[in-house]
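J.: I have a structure I would like to understand better, so I am pasting it below and will then ask my questions one at a time.
Each reported figure results from applying straightforward, stated rules to the coordinates on display, with no laboratory input. Remember, it's a predicted structure, so these values are computed and weren't measured experimentally. Here the Cβ positions follow ideal geometry from the backbone for every residue, glycine too, while neighbour counts run over all protein chains shown.
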Amino acid sequence: MTTLPIETGQKERRRPPSLGDMIVRHLVYSVGKDQAHAVTRDWCVALSLAIRDRMVDGWMTTTRRIYKSGQKRVYYLSMEFMIGRLLEDALSNMELTEEARAFFDERGLDLGEVLTSEPDPALGNGGLGRLAACFMDSMATVGVAGIGYGIRYEHGIFRQSFQDGWQLEEPEDWLVGGNAWEFERTEVVHPVNFGGYVSSDANGKPVWNPSERIMAAAFDTPIAGWKGQHVNTLRLWSARPAEVLNLSQFNQGDFVAAARQQIVAESITKVLYPGDHTPEGRELRLKQEVFFTSASLQDIVHRFLLNHENLEKLGDHVAIQLNDTHPAIAVPELVRLLEDVHGMDFRKAFDVARACLHYTNHTLLPEALERWPLELFERCLPRHMQIIRAIDDIATAEVLAAGKGIDPNVVRAIDPHYGGFVRMGNLAFIGSSHVNGVSALHTELMKKTVFKDLHTVYPDRILNQTNGITPRRWLLECNPRLSGLITETIGDGWVADLEQLKALEPYAEDAAFRERFRRVKADNKERLSVYVQEQLGVKLDPTALFDIQIKRIHEYKRQLLNILETMALYNAMKANPNGEWQPRVKIFAGKAAPSYTLAKLIIKLINDVADKINNDSALGDMLKVVFLPNYNVSSAEIIIPAADLSEQISTAGFEASGTGNMKFALNGALTIGTLDGANVEILEHVGEDNIYIFGMEAEEVAQLQSGGYQPWVRVGETPRLQDVVTQISSGFFSHGDTERFAGIVDNVLAHDYFLVAPDFDSYWSTQRWIDKDFRDQNVWQRKAVLNTANMGWFSADRTIRGYAKDIWNALP
Ligand code: 26Q
């Protein structure tokens, strides 16, 4: 932790130092550089430390206020926090941006460069992790007493690059060079145990004798809300060995054995698991889940006991939100802490745990629902296994008491089939007082599909909380031009009350305003074009329609549909070079899980198609395709403000919500999308004239997927698609290599589980309709303004108030 050098003069001590003074002092005394020798990154660290100092006062007052008022505490447990760079966010929320800019201007330095020299902590895979980060910002803004708990991964998600168009994964190193934001809490350390066996004491009470112990060490990052009034904490756990060094082994010369413990322990928080659909490295992943969940629960219980006699009323004062099933071990672990450590009887312990816990589901994909083999669970967590069995007995009794004719075996957490599994979704559901989906459609589908039986038994448990995004990062900071125009037009109240954007609606009819709105977009497209040129050496025409799909690469998200349509468009342009084509730039970005072969092949296909099209000089600037490497929060902040068109084209019923869709529409992009996830609600808010909806609906999808669909027949009936598939097979996009994309061709013709072929024609014609609308910028900008004006409801502040009211009972 950093302290400022103490000034001796009395006067000096009373006057609070200016931000500039604080930056310079940190540069000298914390970074150890003088101004003449400081490099950009040194300035970044000095500025971060100065801002962090400013946050600390608010942090302590917030903590004292919450402590005094007894305000209900909310704990958000998440395996992922995709926080992105923190400095710009902190400056902006603390309203210190202009002061910092002036300081650097005076020295001939550029604040923007200082900000981008901060590494981007990418401690997540995608939407779920970014949602957790948006929630941290909104909890602090709304005034919820929230603590985020997660893992301080040494390496976040891999850095993506391309080699000959193929994805390469390299380790990412965000902690090299230190992390200016965090405070290591050396006094906060909790043991987490694994393995061993369970015996019983003299009274017949179970006693767990674990065989392995790993320590969880706390690192705190302050999170200031808008205007810095309320400052919450993100506490991330780092693994440490229980014994620092085996000195006797070391002294006997066995250095490797002596260090072994440390390596094994630290491996727990080494890397984020990049797979967001395939289960890999199973045992380590399970241990990560247990590690951070147990440490967080011990911390919560410890804090509660600082000012309560016992734990009986825990549920009145504490709400714990489980971000998907990754922390679902919280159910038996909290019961274990209450029963084994704090002497509560089992039934009471379960009731107290259930009163505290709430579970958010983020996926209906069967392969993404966590299931752990009983053998593994039993070996790592023998005591938890006993508790889960006892919880299952409660569930069985409740199923029977409900009298709805449901078989208890489909509800219980333990699935005895195929050698036995623990179904984490069932466990989380049984052990929670609320279970929520993340969009209206997703929540309805939860009730009808994965949780149908549980919903029948517990009909009041499932509720919806449609996702949202923080307008601070996703409009105010990433799009200064647009936020400037908005503030000039309607004032700055929208930053903390996004529904005020509605006041922009009349301006959609104002030609002068539309022109200013268009110029903002044009400037942002210039900025993105510069970035693309730097990254890929491809020159873009900023007046072309920027059509953007950025998200994890997954079959259900259908990047394949997009690139197949791009190829068909290319063919059509080639066939009619003098046609009145709307120039387009197709922009892709996103990472594929390293073990997801087909997703990686789709990346290669997009890169090969880009190569072919971008080098076809006959086409000029009519069509360009780019795949930007290493998509992350920082690149999203450049890409999203520059979009004309946002691609949200998942197979209906598969995208739980989406949040990228909200970021684009808020920044004035129009959406081409299916009736999936939150697209449905975006349609309701922006109106059907201002969004391009195409394709099958979730019910039709389910019906087609349930049998009888013959993709090869469908492709044959879709000539543009048939041509493209034939071209791919013939090596047209792969320098004559007819084998390279066989996996994709086979997928489209023989399987097509995500129904690219049936949606192709409707996607194509919607795109042509978009071409036409874009040509009339009066029409287009009107729709664009109406998107921004009507997206206020999608603020994460609204979402957080919803959770606080309906789930946590913690409205500030
Ligand atoms: C599970 C087991 C083993 C290894 C990895 C995982 C794993 C990791 C990450 C499973 C799922 C995830 C991430 C899921 C995710 O990001 N879901 C997205 O959540 C968003 C926020 O609610 C939604 O908007 C998206 O629709 C949803 O796909």
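J.: Amide H of L234 versus every other amide H placed in the peptide plane: which residues, excluding those fewer than 5 positions away on the same chain, fall under 5 Å?
T.: So L234 has HN proximity to G148, T221, I223.
J.: Moving on. Can you work out the Karplus-derived ³J(HN,Hα) for every residue in the stretch 357-372? Use 6.51 cos²θ - 1.76 cosθ + 1.60 with θ = phi - 60°, whole Hz, and x for glycine or proline.
T.: 8, 9, 10, 9, 9, 10, 7, 10, 4, x, 6, 9, 7, 5, 9, 10
J.: Give a quick list of trypsin sites (Lys or Arg not before Pro) in the stretch 637-729 that DSSP marks as loop, anything other than H, G, I, E or B, with at most 13 other Cβ atoms within 10 Å. Intermediate values should be presented prior to the final figure.
T.: Details: sites: K663, R714, R720; in loops: none.
Those that pass, being in a loop and sparsely packed, number zero.
J.: If I take all pairs of Cα atoms in the stretch 706-812, what percentage of them are more than 25 Å from each other?
T.: Everything past 25 Å amounts to 55 percent.
J.: Given H placed 1.01 Å from N in the peptide plane, which residues other than close sequence neighbours of V625 have an amide H under 5 Å from its amide H?
T.: HN-HN under 5 Å from V625: K586, N614.
J.: Continuing with the same structure: Near the amide H of V198, under 5 Å away, which other amide H atoms are found, from residues 5 or more places off or on another chain, if H is placed in the peptide plane?
T.: N209
J.: Rg and Dmax in Å for the stretch 586-704, alpha carbons only: what are they?
T.: Computed over the Cα atoms of the stretch 586-704, radius of gyration and Dmax are 15.9, 45 Å.
J.: For the stretch 230-331, just list the percent of Cα-Cα distances falling in each 10 Å bin from zero outward, please.
T.: Taking all Cα pairs of the stretch 230-331, the binned fractions are 12, 32, 29, 20, 7, 1 percent.
J.: Something else: So, R0 is 51 Å and r is the distance between the beta-carbons of D201 and Y753; what FRET efficiency does that work out to, to 0.05? Present the calculation step by step, with values, prior to reporting the outcome.
T.: Values: r = 53 Å, r/R0 = 1.05.
Once rounded, the FRET efficiency stands at 0.45.
J.: Are there any helices in the chain, counted as whole DSSP H runs, that stretch 20 Å or more along their axis by Cα and score at least 0.5 on average by Kyte-Doolittle, and if so which? Let's see the in-between values first.
T.: Numbers: long enough: 40-69 (43 Å, -0.33); 127-142 (21 Å, 1.00); 282-305 (35 Å, -0.09); 382-402 (30 Å, 0.40); 511-536 (36 Å, -0.99); 559-575 (24 Å, 0.53); 597-614 (25 Å, 0.60); 756-775 (28 Å, -1.06).
Once both thresholds are applied, what remains is 127-142, 559-575, 597-614.
J.: Rounded to the nearest 500, what is the chain's calculated 222 nm mean residue ellipticity when only DSSP H runs of at least 4 contribute -39500 (n - 2.57) each, over all residues?
T.: Mean residue ellipticity at 222 nm (helix-derived): -13500 deg cm²/dmol.
J.: Another question about this same structure. Eigenvalues of the Cα gyration tensor times 5, then square-rooted: what semi-axes does that give for the chain, in whole angstrom, largest first?
T.: Ellipsoid half-lengths, sorted descending, are 42, 35, 26 Å.
J.: Now for a separate question. May I ask you to order 145-157, 587-599, 772-784 by the average number of other C-beta atoms within 10 Å around their residues, highest value first?
T.: Put in order of decreasing packing, that is 145-157, 587-599, 772-784.
J.: Which three semi-axes in whole Å describe the equivalent ellipsoid of the stretch 284-341, each the square root of 5 times a Cα gyration tensor eigenvalue, listed largest first?
T.: 21, 12, 10
J.: Right, another one. What are the ³J(HN,Hα) couplings of the stretch 618-635, residue after residue, when phi is run through the Karplus curve with 6.51, -1.76, 1.60 and θ = phi - 60°? Round to Hz, x for glycine and proline.
T.: Karplus values, whole Hz, x for Gly and Pro: 4, 8, x, 9, 5, 8, 9, 10, 9, 10, 7, x, 6, 4, 8, 4, 5, 6.
J.: Which shape class applies to the stretch 351-428: rounded if a/c is under 1.5, otherwise prolate when a/b exceeds b/c and oblate if not, where a ≥ b ≥ c are the square roots of the Cα gyration tensor eigenvalues?
T.: Rounded.
J.: Hey, another quick one. How large is Rg/Rh for the stretch 542-619, to two decimals, with Cα atoms and a Kirkwood Rh?
T.: The Rg/Rh ratio comes out at 1.00.
J.: Could you pull out the pairs from K287/K452; K539/K600; K72/K805; K68/K313; K72/K287; K574/K624 whose alpha carbons sit more than 23 Å apart here?
T.: Over 23 Å Cα-Cα: K287/K452; K539/K600; K72/K287.
J.: Among 574-582, 84-92, how do they line up from the highest to the lowest mean number of other beta-carbon atoms within 10 Å?
T.: Output ranking for 574-582, 84-92: 84-92, 574-582.
J.: OK, next. Sketch the reach of a paramagnetic label on Y556 as a point 7 Å from Cα along Cα-to-Cβ, and name the residues of the stretch 695-726 whose backbone nitrogen lies under 15 Å away.
T.: 698-699, 701-703, 705-706
J.: Just grab the label-to-label distance for E688 and I263, each label 7 Å out from Cα along the Cβ direction, in nm (one decimal).
T.: According to this spin-label approximation, the distance is 6.4 nm.
J.: Students often get this wrong: which residues of the stretch 560-593 have the backbone nitrogen under 12 Å from the point 7 angstrom along Cα-to-C-beta of T543?
T.: Inside the label zone: 583.
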